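The structure under discussion appears below in the form of structure tokens.
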Amino acid sequence: AQKITQTQPGMFVQEKEAVTLDCTYDTSDPSYGLFWYKQPSSGEMIFLIYQGSYDQQNATEGRYSLNFQKARKSANLVISASQLGDSAMYFCAMREGRDDKIIFGKGTRLHILP
Amino acid sequence: EAGVTQSPTHLIKTRGQQATLRCSPISGHTSVYWYQQALGLGLQFLLWYDEGEERNRGNFPPRFSGRQFPNYSSELNVNALELEDSALYLCASSLDGYSNQPQHFGDGTRLSIL
């Protein structure tokens, strides 16, 4: 079974609109962390935002926020006021308990249209 | 603060050869991770090094190996190269490997096998 599921392989959004990228996860460990990374066409991976399983509030970083719904095991990334530079591949990832590796979803390719 | 640096940017090899990829973590980071991003397969965890020791490895054959040096930089070695080893190899570092510190990625080494 997939640990991280990103159901949107591709999305097209008009510039300045808000974007929600879906991510659901599967774990039985009560302690885990959720990450979102952005990968532009140049290939580098850029850390965007982190949410811990015990965090009481949804994480926010500038235009990025994480809509964390623990009971639904959902950690959607919301990008407000999208910009052309937001066009990239976005990966949702999870780290369970004291495990070392991060498990990545297959990614969502976001295209921002002018 | 310098980010994670990887070298070379591109590497072209032929089948059966050996490749060495290098990574320097962010200053102060002790954990280094290696990932393979093959076309269409997403990010696959390869290896994790912390304090000079290999802590975990992903589901890759033994011809993928590496090491971490006393200054926490790391090498990934791939022996007996095969065509399917063509991929982007990403290195990431984090403050340590035991908490939910985000992993910060380098720009990657694109390995092409002819």
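The values are calculated or read from the model by the stated rules, or taken from the named source; none is laboratory data. Everything numeric here is computed off the predicted structure, so don't read it as measured data. Cβ placement follows ideal geometry from the backbone for every residue including glycine, while neighbour counts extend to all protein chains displayed. Just so you know, the surface numbers come from the protein's heavy atoms only, side chains and all, with ligands and any DNA or RNA stripped out. Shrake-Rupley method; radii C 1.70, N 1.55, O 1.52, S 1.80 Å.
Quick check on B:S73: is it of a type outside the set (A, V, I, L, M, F, W, C), surrounded by 17 or more Cβ atoms within 10 Å (Cβ to Cβ) and out of contact with any Leu (no Cβ under 6 Å at 6 or more places or on another chain)? Don't jump to the end; show me each part of the working.
Working: of a type outside the set (A, V, I, L, M, F, W, C): yes; surrounded by 17 or more Cβ atoms within 10 Å (Cβ to Cβ): yes; out of contact with any Leu (no Cβ under 6 Å at 6 or more places or on another chain): yes.
Answer is yes for this residue.
How about the range A:14-33: which of its residues are at pLDDT below 95 and open to solvent by less than 60 Å² (accessible area, probe 1.4 Å)?
Across the range A:14-33, the qualifying residues are A:T27, A:D29, A:S31, A:Y32, A:G33.
Between residues in the range B:23-40 that are within 14 Å of A:K101 (Cα to Cα) and residues that are open to solvent by 20 Å² or more (accessible area, probe 1.4 Å) and of a type in the set (D, E), which pairs lie under 9 Å by C-beta distance while being six or more apart or on different chains?
Listed pairs, sorted by first residue: B:S31/B:E51; B:S31/B:D96.
Of the conditions (1) modelled with pLDDT of 95 or more; (2) open to solvent by 10 Å² or more (accessible area, probe 1.4 Å); (3) within 13 Å of chain B (Cβ to nearest Cβ), A:W36 clears all except one; give me its number.
All conditions are met except number (2).
Can you pull out the residues in the range B:55-93 that are among the polar types (S, T, N, Q) and under 12 Å from the mean Cα position of the chain (by Cα)? Reasoning before the result, please.
Applying the first criterion (among the polar types (S, T, N, Q)) to the range B:55-93 yields B:56, B:59, B:65, B:68, B:71, B:73-74, B:77, B:79, B:86, B:93.
Selection gives B:S65, B:Q68, B:S73, B:S74, B:N77, B:S93.
For the range A:1-75, list the strands (runs of 3 or more DSSP E) that sit wholly inside it and hold at least 2 residues that are closer than 16 Å to A:K101 by Cα; which are they? Talk me through it step by step, then tell me what you get.
Values: elements: A:10-14, A:19-21, A:32-39, A:46-52, A:64-69.
Here the list reads A:32-39, A:46-52.
Could you tell me whether the range B:61-70 includes any residue that is at pLDDT below 95 and not hydrophobic (A, V, I, L, M, F, W, C)?
Within the range B:61-70, the subset at pLDDT below 95 is none.
There is no residue in the range B:61-70 that is at pLDDT below 95 and not hydrophobic (A, V, I, L, M, F, W, C).
Report, by residue number, each residue of the range B:1-13 that is of a type outside the set (S, T, N, Q) and open to solvent by 60 Å² or more (accessible area, probe 1.4 Å). Explain how you work it out, then say what you get.
Residues of the range B:1-13 of a type outside the set (S, T, N, Q): B:1-4, B:8, B:10-13.
Across the range B:1-13, the qualifying residues are B:E1, B:A2, B:H10, B:I12.
Count, please, the residues in the range A:72-112 that happen to be open to solvent by less than 50 Å² (accessible area, probe 1.4 Å) and either β-branched (V, I, T) or in contact with a Phe, Trp or Tyr (Cβ under 7 Å, 6 or more places away or on another chain) (or both).
Adding up the residues that qualify gives 21.
Please tell me if B:Q44 is within 14 Å of another protein chain (Cβ to nearest Cβ), within 17 Å of B:Q6 (Cα to Cα) and either surrounded by fewer than 19 Cβ atoms within 10 Å (Cβ to Cβ) or within 14 Å of the chain's Cα centre (by Cα) (or both). Full working, then the answer.
Details: within 14 Å of another protein chain (Cβ to nearest Cβ): yes; within 17 Å of B:Q6 (Cα to Cα): no; either surrounded by fewer than 19 Cβ atoms within 10 Å (Cβ to Cβ) or within 14 Å of the chain's Cα centre (by Cα) (or both): yes.
In short, no.
Identify all residues within the range B:59-114 that are more than 18 Å from A:G43 (Cα to Cα), within 14 Å of chain A (Cβ to nearest Cβ) and assigned to a strand (DSSP E or B); write none if there are none.
Correct list: B:Q68, B:S94.
Would you call B:G16 more than 14 Å from the chain's Cα centre (by Cα), over 22 Å from A:F91 (Cβ atoms) and surrounded by fewer than 17 Cβ atoms within 10 Å (Cβ to Cβ)? Walk me through how you get there before you give the answer.
Details: more than 14 Å from the chain's Cα centre (by Cα): yes; over 22 Å from A:F91 (Cβ atoms): yes; surrounded by fewer than 17 Cβ atoms within 10 Å (Cβ to Cβ): yes.
Yes: the conditions hold for B:G16.
Is the range A:46-67 home to any residue that is touching a Lys or Arg at 6+ places or on another chain (Cβ under 7 Å) and either open to solvent by 10 Å² or more (accessible area, probe 1.4 Å) or within 30 Å of B:T109 (Cβ to Cβ) (or both)?
Yes.
Please indicate, with yes or no, whether at least one residue in the range B:94-101 is among the hydroxyl-bearing types (S, T, Y), over 12 Å from the mean Cα position of the chain (by Cα) and surrounded by 13 or more Cβ atoms within 10 Å (Cβ to Cβ). Explain how you work it out, then say what you get.
Taking the range B:94-101 as the starting set, the residues that turn out to be among the hydroxyl-bearing types (S, T, Y) are B:94, B:98-99.
Retained after the next criterion (residues that are over 12 Å from the mean Cα position of the chain (by Cα)): B:94, B:98-99.
With the extra rule that they be surrounded by 13 or more Cβ atoms within 10 Å (Cβ to Cβ), the set shrinks to B:94, B:98.
Within the range B:94-101, one or more residues are among the hydroxyl-bearing types (S, T, Y), over 12 Å from the mean Cα position of the chain (by Cα) and surrounded by 13 or more Cβ atoms within 10 Å (Cβ to Cβ).
Against the definition (under 13 Å from the mean Cα position of the chain (by Cα), within 9 Å of another protein chain (Cβ to nearest Cβ) and either at pLDDT below 95 or part of a strand (DSSP E or B) (or both)), how does B:Y49 come out, yes or no? Working first, answer last.
Numbers: under 13 Å from the mean Cα position of the chain (by Cα): yes; within 9 Å of another protein chain (Cβ to nearest Cβ): no; either at pLDDT below 95 or part of a strand (DSSP E or B) (or both): yes.
Here the answer is no, as B:Y49 does not meet what is asked.
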